[in-house]
Amino acid sequence: MDFLLKNGTVYLDGKLQKHDLKIQGGKISFLKVNDISNLTVIDCNNLFIFPGFVDVHTHLREPGFSYKETVETGTNAAAHAGYSAIFTMPNLKPVPDSVEN
């Protein structure tokens, strides 16, 4: 399914600007859209459109502390919040400082 994100605010050329974005095959294909046939239109007025965020300091807590969080719950929360990549800290039990661990 292809989408038209209409009236969204995007960061482009060093500033925030209003644009329509066409998403075709999971990729941004146009910043200016003339033909909207076969597109699902989503009104993004008063919304910001950003690429996936990256968090370089996360704690997934497995193994050893899964009562706090698991890899599944932590990665699901990150994806839900718009993060496309996370880097997890090695403060686990056992510490992942060898091939065996």
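Overview of values
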item: For LEU60, residues with placed amide H under 5 Å, excluding near neighbours; result: MET89
item: In order through the range 9-18: 3J(HN,Hα) via Karplus (6.51 cos²θ - 1.76 cosθ + 1.60), integer Hz, x for Gly, Pro; result: 9, 10, 8, 8, 6, x, 8, 7, 9, 7
item: Cα→Cβ-extended label distance, 7 Å offset, between LEU47 and SER66, nm; result: 3.6
item: Stokes-Einstein D (µm²/s) once Rh is taken as the Kirkwood radius of the chain over alpha-carbon pairs, at 37 °C in 0.692 mPa s; result: 201
item: Probe 1.4 Å, accessible area per residue of the chain, Å²; result: 74
item: Label-to-label distance, nm, for residues given as VAL54 and THR75 (7 Å Cα→Cβ offset); result: 1.8
item: Where labels lie 7 Å past Cα in the beta-carbon direction, separation of MET1 and LYS15 in nm; result: 3.5
item: Loop-located GluC sites (Glu not before Pro) in the range 41-101, at most 13 other Cβ atoms within 10 Å (DSSP); result: GLU100
item: Karplus-derived 3J(HN,Hα), 6.51/-1.76/1.60, for each residue of the range 19-28, Hz, glycine and proline x; result: 8, 9, 10, 9, 10, 10, x, x, 10, 5
item: Cβ-defined net charge surrounding ASN45, 14 Å radius [Lys, Arg +1; Asp, Glu -1]; result: 0
item: Net charge contributed by nearby residues that have their C-beta within less than 13 Å of MET89 (K/R +1, D/E -1); result: -1
item: Accessible area of the chain belonging to carbon and sulfur atoms, whole % at 1.4 Å probe; result: 57
item: Placed amide H near GLY8: partners under 5 Å, 5+ positions off or other chain; result: HIS19, LEU21, CYS44
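The values are calculated or read from the model by the stated rules, or taken from the named source; none is laboratory data. Only a predicted model underlies this, so the values are computations on that prediction, with no experimental measurement involved. Every residue, glycine as well, gets a Cβ built from its backbone with ideal geometry; the counts of neighbours run over all protein chains shown. Accessible surface areas use protein heavy atoms only, side chains included; no ligands, DNA or RNA. Shrake-Rupley method; radii C 1.70, N 1.55, O 1.52, S 1.80 Å.
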